[in-house]
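The values are calculated or read from the model by the stated rules, or taken from the named source; none is laboratory data. All values derive from a computational prediction rather than experimental measurement. Neighbour counts run over all protein chains shown; Cβ positions are idealised from the backbone, glycine included. Areas reflect the complete protein model, heavy atoms only, side chains present, ligands, DNA and RNA absent. Shrake-Rupley method; radii C 1.70, N 1.55, O 1.52, S 1.80 Å.
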Amino acid sequence: MSDFSCKHFKECGGCALLDLTYPQQVQKKKEHLSALLQDFWAQDIPVTLTDEPRYFRNKVELGFCHQVKWDPNYNKKDPANKTRPLVFEQALGFKLKGKWDRAVDIEECFLFDDKLISLLNAVRAWAQAQNLPYYDQRKHTGILRHLMVREGKNTGEGLVVLFVTNDFDEKSFVAAVESIYPSFSVMSAVNTGLADTAAPESLKVLKGKDFFVEKILLSNASGQTEREVLFKLSAQSFFQTNTKTAQKMYSRVRGLVKQIAPKIIYDLYGGAGSFSLSCADLCQKSICVESVAPAIYNGLENAKLNGVENVQFFCSRVEDFVKQHTIEKKDALIILDPPRGGMHPKAVKAVAESGVKNVLYISCNPVALAAELKTLTQAYQITGVEAFDFFPHSQHIETLVQLKLKE
């Protein structure tokens, strides 16, 4: 029997494995990962768990949907009428499972924190009082589109962003948020595009700042914190969604870097430089390569925030960087952390032919990982595989593969 229950399970797309206990979830994911990697690694794959698989997410994005549903009271009005009419409803929550244009009007959820539902109720009441229409995904009408909530799990700072298509009463919205999260900054974002993404055309601070600060605590093998790294995060900044388990992974990578003792780190697909900043004191130089310009900007800011001066940031696609720059072989380490789609084939080939002795590959997509290991293992042997369960109740799992150049 599951450790958790939610009235929206099987209806909401947020949790797929909620009918299993947490150990059963992990075992299921572990077996799937082992099957995908069986051609490369026959040994047991240890999994680092999320200590508390409740309220672990530091970010949620919820959608406002003006949508139709079957009238739940149709047969009460006229029992003889077998025609089941449709009625409109306003829903604020995660997407209905398998549907792009409908949301579940969530009334309970234990993914973010224990105040989330209170915030949603406050926002619903505010929207009703202001007579603000929810967005209709099919007709592309309405004002309210998305609600983003982000929280620093180690700092307590946070940010609430309302995505809209038009003007609204900002002061009353701030009051609604303050009633639940009095210390959080509040922003609005205009999004008039047709795509159903929380991507703003413009951002405005309604209260506080346009960022919040989070930190990760990096521990040694004895569990003692030996380094803290601060991150200044904006509404659109990428950051691992499970802070507490992510810092376990960063600590593990840091421990491996200590063992390898490189002089130079190539942090490819480096985002805002999380690995570079975590390990900057363990090398002479780290080169962070990322194609998303705002991430590079965040990385430069965070390097300055932490007093780190030996990280170089390159805004470039990895496949272009490896073509234009010579990868130093001696005393180097490559860290790979590509997006869900995996690496570009030219980048995979370049790493395989780099001659760098050690590679650490962090993957959020084991299918892409298995495909790329076919190329990488032509030059490298796998010396270790482990996983980190960042997303309890979902199918996703993070994998760390250690590779060493063949003699």
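Results, tabulated for the structure shown:
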{"quantity": "Test result for residue 232, within 22 Å of residue 296 (Cα to Cα), in contact with an Asp or Glu (Cβ under 8 Å, 6 or more places away or on another chain) and surrounded by fewer than 20 Cβ atoms within 10 Å (Cβ to Cβ)", "calculated": "yes"}
{"quantity": "Residue in region 268-277 that is modelled with pLDDT of 95 or more and assigned to a strand (DSSP E or B) present", "calculated": "yes"}
{"quantity": "Test: residue in region 337-348 that is farther than 30 Å from residue 394 by Cα, of a type outside the set (A, V, I, L, M) and open to solvent by 10 Å² or more (accessible area, probe 1.4 Å)", "calculated": "yes"}
{"quantity": "Residue within region 263-275 that is out of contact with any Ser or Thr (no Cβ under 6 Å at 6 or more places or on another chain), of a type outside the set (S, T, N, Q) and open to solvent by 50 Å² or more (accessible area, probe 1.4 Å) present", "calculated": "yes"}
{"quantity": "Residue check for residue 188: surrounded by fewer than 14 Cβ atoms within 10 Å (Cβ to Cβ) and within 19 Å of residue 59 (Cβ to Cβ)", "calculated": "no"}
{"quantity": "Residue 348 in contact with a helix residue (DSSP H, G or I) (Cβ under 7 Å, 6 or more places away or on another chain), of a type in the set (Val, Ile, Thr), over 27 Å from residue 230 (Cβ atoms) and at pLDDT 95 or above", "calculated": "yes"}
{"quantity": "Given (1) open to solvent by 20 Å² or more (accessible area, probe 1.4 Å); (2) closer than 24 Å to residue 55 by Cβ, number of the condition residue 250 does not satisfy", "calculated": "(1)"}
{"quantity": "Boolean, residue 309 is open to solvent by 80 Å² or more (accessible area, probe 1.4 Å), closer than 20 Å to residue 257 by Cβ and touching a residue at least 12 places away in the same chain (Cβ under 8 Å)", "calculated": "no"}
{"quantity": "Residue tally, condition part of a strand (DSSP E or B), of a type outside the set (A, V, I, L, M) and within 21 Å of the chain's Cα centre (by Cα), over region 337-387", "calculated": "3"}
{"quantity": "Looking only at region 321-332, and only at residues there that are out of contact with any helix residue (DSSP H, G or I) (no Cβ under 9 Å at 6 or more places or on another chain) and not in a loop (DSSP other than H, G, I, E, B), the one that is most open to solvent (accessible area, probe 1.4 Å)", "calculated": "324"}
{"quantity": "Residue within region 58-73 that is modelled with pLDDT of 90 or more, in contact with a Ser or Thr (Cβ under 6 Å, 6 or more places away or on another chain) and open to solvent by less than 60 Å² (accessible area, probe 1.4 Å) present", "calculated": "yes"}
{"quantity": "Output for region 188-223, where each listed residue is over 30 Å from residue 254 (Cβ atoms), polar (S, T, N, Q) and in contact (Cβ under 8 Å) with a residue 24 or more places away in the chain", "calculated": "188, 191, 192"}
{"quantity": "Count - residues of region 390-407 that are touching an Asp or Glu at 6+ places or on another chain (Cβ under 8 Å) and either among the aliphatic types (A, V, I, L, M) or buried (at least 23 other Cβ atoms within 10 Å of the Cβ) (or both)", "calculated": "4"}
{"quantity": "Filter result for residue 250 (out of contact with any Leu (no Cβ under 8 Å at 6 or more places or on another chain), without any contact (Cβ under 8 Å) to a residue 60 or more places away in the chain and among the aromatic types (Phe, Trp, Tyr))", "calculated": "no"}
{"quantity": "Single match in 398, 353, 386, 328 (criterion: of a type in the set (Asp, Glu) and without any contact (Cβ under 8 Å) to a residue 60 or more places away in the chain)", "calculated": "353"}
{"quantity": "Residue in region 284-297 that is assigned to a loop (DSSP other than H, G, I, E, B), charged (D, E, K, R) and open to solvent by 10 Å² or more (accessible area, probe 1.4 Å) present", "calculated": "no"}
{"quantity": "Pick from region 191-207, criterion under 29 Å from residue 138 (Cα atoms) and surrounded by 15 or more Cβ atoms within 10 Å (Cβ to Cβ), ranking: modelled with the lowest pLDDT", "calculated": "198"}
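This table checks each residue for (1) in contact with a Lys or Arg (Cβ under 8 Å, 6 or more places away or on another chain); (2) of a type in the set (S, T, N, Q); (3) in a helix (DSSP H, G or I); (4) open to solvent by 80 Å² or more (accessible area, probe 1.4 Å).
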| residue | (1), (2), (3), (4) |
| --- | --- |
| 5 | no, yes, no, yes |
| 8 | no, no, no, no |
| 29 | no, no, yes, no |
| 32 | no, no, yes, yes |
| 56 | yes, no, no, no |
